[in-house]
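The values are calculated or read from the model by the stated rules, or taken from the named source; none is laboratory data. Everything numeric here is computed off the predicted structure, so don't read it as measured data. Here the Cβ positions follow ideal geometry from the backbone for every residue, glycine too, while neighbour counts run over all protein chains shown.
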Amino acid sequence: MKKTGILAMILTFFLLLTGCGKTGGTAMDQALQFRAALLAAKGCSFSAKITADYGEKVYTFGMDCEADGEGNVRFRVTEPASIAGITGKLTGETGVLTFDDAALEFGLLADGQISPVTAPFAVVQSWRVGYITACSREEDGLRLTVDGSFEKNPMTVDSWLDAEKKVPFHTEVCYNDKRILTLELTNFQLT
C-alpha cells in the first residue's frame, strides 16, 4: 500500500511536469533563462517609475537603480524635482539614505514589510531567489509571478518581460491580492 501511494505521487508529479512542458514549458524556460542570466551577471541597472497605492493616496516618483551580484541596490531619486538627488543603498539587512535639505517620507505597506523606496530591492530579490509560482505568455511578452512572501504574509511580485529583449518592463507588487506598488522599468541592462 505504501509503495503504491508513493508510486502514485511520483507518477502524478511527472504527469504534471509533462503537462507544464506542453503548455507552458517555453514560458518557464524563458523565466529560468532570465533568472540564470541575472545570477550569472555582475548585476543589473534600470530606471523605475514607482507608483505606491496607499488606498486614499497615491504617490509616484522616479529612481535610477543599480543592483550588484548579490542583489544589493543603490538608487538615486530622479523625480519629482523636489526630492531629486536623494541617494541610497539597500541590502538585506540595512538601508542608507543620503540627502541635502530633503527627505523621503513614505509610510510602510504590506503590514510594515515594504516601502516604496525599498521596492526595487524587493523586486530584484524576487527575481533572484523567489519561488516562481507561474509564468505565461501574454501579448506583450512573458508574465512571471514570484512568491515574494516574507514570513506568512502573502506577497507576490508579477513582472512582465519584453518578448524580444527578454528584459522586465513592468512589475507589480501585490499584498493579500491587492496591488500596492507598480514599477515601470526602462533601460534594463545586465552588467
Going through the stretch 171-191 one residue at a time, which ones are assigned to a strand (DSSP E or B) and of a type in the set (Asp, Glu)? 172, 184
Do any residues in the stretch 130-142 that are farther than 14 Å from residue 171 by Cβ have Cβ atoms under 6 Å from those of residues that are charged (D, E, K, R) and part of a strand (DSSP E or B), where the two are at least six apart or on different chains, and which pairs are they? 131/147; 133/147; 136/143
In the stretch 160-191, the residues that are surrounded by fewer than 18 Cβ atoms within 10 Å (Cβ to Cβ), more than 17 Å from residue 135 (Cβ to Cβ) and touching a helix residue (DSSP H, G or I) at 6+ places or on another chain (Cβ under 9 Å): 190
Condition check for residue 36: modelled with pLDDT of 90 or more, surrounded by fewer than 12 Cβ atoms within 10 Å (Cβ to Cβ) and within 16 Å of residue 168 (Cβ to Cβ): yes
Which of the strands (runs of 3 or more DSSP E) contained wholly in the stretch 40-138 include at least 1 residues that are surrounded by 17 or more Cβ atoms within 10 Å (Cβ to Cβ) and modelled with pLDDT of 95 or more? 43-53, 58-68, 73-79
